[in-house]
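The values are calculated or read from the model by the stated rules, or taken from the named source; none is laboratory data. Remember, predicted model here, so these are calculated numbers, not experimental data. Every residue, glycine among them, receives a Cβ derived from its backbone with ideal geometry; neighbour counts consider all protein chains shown.
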2 protein chains.
Amino acid sequence: MADDPQTLHDRVCRHAAQTAMLESIESVLGWDERTMMPTAGAEYRAEQTTLLAGMIHGRWTDPAFGRWLAELSDSPLAEPPHGDTAVTIRRLKRLHDRKVRLPTALVEELARTAVLGQQSWEDARRRDDFASFRPLLEKTVQLKRQEAEALGYPQCPYDALLDDYEPDELTANVAAVLAGLRERLVPLVAEVSQSGRRPDVAILTRSYPVDVQEAFGREVGAKIGFDFDRGRLDVTAHPFCDSLGPHDCRITTRYDEDYFSGAFFGILHEAGHGIYDQGLPGGHYRLPLGEAVSLGIHESQSRLWENFVGRSRSFWEHFYPRARRQFPQALGDVSPEAFYFAVNEVRPSLIRVEADEATYNLHILVRFELEQALLDGDLPVADLPGAWNEKYRQYLGIEPPDDAQGVLQDVHWSAGLIGYFPTYTLGNLYAAQLFAQADADLGGLAAQFAGGQFRPLRDWLREKIHRQGQRYSAAELIERITGRPLSPMPLVEHLRAKLGPLYGIS
Amino acid sequence: MADDPQTLHDRVCRHAAQTAMLESIESVLGWDERTMMPTAGAEYRAEQTTLLAGMIHGRWTDPAFGRWLAELSDSPLAEPPHGDTAVTIRRLKRLHDRKVRLPTALVEELARTAVLGQQSWEDARRRDDFASFRPLLEKTVQLKRQEAEALGYPQCPYDALLDDYEPDELTANVAAVLAGLRERLVPLVAEVSQSGRRPDVAILTRSYPVDVQEAFGREVGAKIGFDFDRGRLDVTAHPFCDSLGPHDCRITTRYDEDYFSGAFFGILHEAGHGIYDQGLPGGHYRLPLGEAVSLGIHESQSRLWENFVGRSRSFWEHFYPRARRQFPQALGDVSPEAFYFAVNEVRPSLIRVEADEATYNLHILVRFELEQALLDGDLPVADLPGAWNEKYRQYLGIEPPDDAQGVLQDVHWSAGLIGYFPTYTLGNLYAAQLFAQADADLGGLAAQFAGGQFRPLRDWLREKIHRQGQRYSAAELIERITGRPLSPMPLVEHLRAKLGPLYGIS
């Protein structure tokens, strides 16, 4: 006699919770590797991680787990679609199905190519030699096409890859929204570039003692709502946020004595990710009801605190007097207005990770459009550097002097991460639309920030987004909260409203 | 057809290596828990650890693993007894057998009692109320008797418990050596106590800036041979050493601004453990050929560097000028001789963990004798405080004013650790006998230390002990290296030679 659906559901949850626990252990190993481990430990750590990864993969693809989920998908527990059990069943099933559909040989080939690709890319970037990287990138594109075919897709192969980062989203939708953004952002950036005004950004590269940067960053991080009793802040070359348990969220940053913005806005950014993780329902840690919606929604939480809060005038009305006391040598002679302008500089530049709030999205547009063309076969890899440079000219008005500062700057493609880039700009778009809604719902955030009140916004985000886990897709969530589908307009309006007065443009 | 022994042996090694890898992952979680994890992470971390522990136990007690080992024990690979395959088979089999012999119900009851016992002990110690702890200690003793019966033993139940820490050692042997030590140490300590001389230990409780303590500790730790490229030093309330991989040894200490010795000798102690771990054959990490012999041998390595090297006159001939430069305010007016005398103070005291090199062993004798009597049923738990105080009077000439500073001071018994205490003094005895041999083999260590040369001693230990893994038992190893069985005399002679001139006794 078959088990009743509730028994099956509980069994599925226990299975998934144990898998999640192994994944959280993998996170502990990963965090330690990046923050603490002596370099000499790398080889054995890789073996530990491989062992765990194999156990985790085995649990996800366990045929019994698949049968239980298939049975549950046809049971009454799969309704209503946003009910607890339905969400759990649907989300676990899609992960199981994805992993089962990929042939082991392809997974291994992708992993091998990613390792070789990263070595080749590092080497090519160092020597500014795209040609040497080309064979591995061609191989990667070909394997990603096979991956898309194996996974299946609703409209185009890119859908299958995007789905890994932005579940249930379609390339066509993203492309339409991003095209709308491009139409408005390219002229806005051009206006800024042509405006005669420039902030004095040299004030941000004065001497900022690292220990004071850290103390100030911790203070502000705590103030916006990152709970240090349930988290940590450490130092790594490549900042990140990961949760090692439901009450153990670790963020990192890197400090540069001669640059204020890197660590400060980096901490706000990672704290934003961390506040999301800390707001997820801990009882369902790493299960669908307690897991982030998508990379884009996760990024929206970091960008919201970094840019919409941390680069706002009212934020600095509250914090600038403190910043000046903390860094008297660097900021003693800097007016609040000069500081605010400096942290909001918009200037077309070559390197994505150093780009400002506005032009950043143009860097993403270039990559998003190019990787679609690569995957569709419309653009041969050999033509990629030329196409890259052409798009930089069109969108940003500048052209890379070499491939090292152009098409070779990012690690993503070499690691097989195709479909990942758009989530960065989706994050900005979600953030803008959510921030505008929060501003309306909470009755004027600027006054609250100026008074040092950040809790209402955090609590709004917690209730509207964090507590929901994966109950809704990103698109559903945005529409539920803001009453309309994702649009480029809130971000454009936010940028126009901020940059207009600063740069004297309409 | 049965598999041939070599195939079986390789299968056993792969099985054990994977178990070892899970144990090493458990170590990563444990290290992180003690050094880095936010307190709020404790509950989930306990679940992660329980999951891993269950997987590890399942692998150790796997019936197939047991059958392979039983078959191999009767194969030609089980000879000669100190050959690679024989050592691997014998050591793995004893661990498998121990775990299989303990009924699950007893293991669970022991674990539960340990948790309750530690809570009850902490509470009892705080309130100086032995009576409230008595029922749980009675329960613990009774369960440990059951454990000994389940495990079996050659001569007495204590053998079975001791064997967990000091494999293949017999209570009778340890008792004989420790009795020999007691006979000579009690009068020596009494002579010291009656001598009129006293060092000025107040110089050690001056102000020693923590950052300088850390830098100096790291410098000295590296100088004696701890490899910081393959390890770390961090801060914890309870210092420890653990290896998270073959090239990833982590030691910890705690600093007190107003006390030099705690952190400094603590670092030497843990570095000594770490140097052992770093010297084990990394290719057999956590397998018999790459694992420490016993707790006693491990402790010998920490005590050797802490006391025989770090408290020697020649060590400070080299390091004292540096110490003085590092701590000019604390040591500027302190002569080398006064400093040397202060770090070698011998004075009967109540608390084991604060005891000096000589009296420490009397604290251990008290516990070793009492826990044997408890286990044999010769001493009812109710009479334990009286027996404790009586032995302190006899051996150390002092009596605890209350049980908090007496029988309730240590965590061990509350956690079910009976049979552990003697390994501390075995460590001192092994260290003394090994150090004397090294001194003879290397032609005068004192001159080397005075010249800042610590590598020859480390390399001697590496070759004689570290590289051997578990090839020999502790007793075999000591006899092979020094040509005679363990004796109390080298420790007594070491203490007499050092304390005689300092305290003006013969």
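Only one of the listed residues (A:386, A:427, A:451, A:444) is out of contact with any strand residue (DSSP E or B) (no Cβ under 8 Å at 6 or more places or on another chain) and on the phi > 0 side of the Ramachandran plot. That residue is A:444. Touching a Lys or Arg at 6+ places or on another chain (Cβ under 9 Å), at pLDDT 95 or above and not hydroxyl-bearing (Ser, Thr, Tyr): which single residue out of A:297, A:251 fits that description? Testing whether each residue is touching a Lys or Arg at 6+ places or on another chain (Cβ under 9 Å), at pLDDT 95 or above and not hydroxyl-bearing (Ser, Thr, Tyr) leaves just A:251. Has segment A:259-266 got any residue that is more than 15 Å from the chain's Cα centre (by Cα), over 18 Å from residue A:310 (Cα atoms) and of a type in the set (Phe, Trp, Tyr)? No, segment A:259-266 contains no residue that is more than 15 Å from the chain's Cα centre (by Cα), over 18 Å from residue A:310 (Cα atoms) and of a type in the set (Phe, Trp, Tyr).
Within the option set A:442, A:461, A:417, being free of Cβ contacts under 8 Å to residues at least 24 places away in the same chain and buried (at least 18 other Cβ atoms within 10 Å of the Cβ) holds for one residue only, A:417.
Among residues of segment A:217-240 that are under 27 Å from residue A:317 (Cα atoms), those with a Cβ under 9 angstrom from a residue that is of a type outside the set (Phe, Trp, Tyr) and in a loop (DSSP other than H, G, I, E, B), sequence gap 6+ or separate chain, pair up as A:220/A:310; A:223/A:452; A:224/A:310; A:227/A:247; A:227/B:38; A:228/B:38. Checking residue A:42 against (1) surrounded by fewer than 20 Cβ atoms within 10 Å (Cβ to Cβ); (2) more than 14 Å from chain B (Cβ to nearest Cβ), only one condition comes out false. Which one? It is condition (2) that residue A:42 fails.
Scanning segment A:329-367 for residues that are surrounded by 15 or more Cβ atoms within 10 Å (Cβ to Cβ) and within 20 Å of residue A:130 (Cβ to Cβ) turns up A:350, A:352, A:363, A:366, A:367. Within the set of pairs 6 or more residues apart or between chains, which connect a residue that is closer than 17 Å to residue A:142 by Cβ and in contact (Cβ under 8 Å) with a residue 40 or more places away in the chain inside segment A:95-116 to a residue that is assigned to a helix (DSSP H, G or I) and charged (D, E, K, R) with Cβ atoms less than 9 Å apart? Cβ pairs passing all conditions: A:102/A:147; A:106/A:147; A:110/A:144; A:110/A:147; A:113/A:139. Does residue A:87 meet the test of being surrounded by 15 or more Cβ atoms within 10 Å (Cβ to Cβ) and over 17 Å from residue A:4 (Cα atoms)? Yes; evaluated as a whole, the condition is true for this residue. Note on segment A:25-39: residues that are within 7 Å of chain B (Cβ to nearest Cβ) and among the basic types (Lys, Arg) amount to 0. If a residue must be under 20 Å from residue A:158 (Cβ atoms), of a type in the set (A, V, I, L, M) and assigned to a loop (DSSP other than H, G, I, E, B), how many such residues does segment A:349-397 contain? Qualifying residue count, segment A:349-397: 1.
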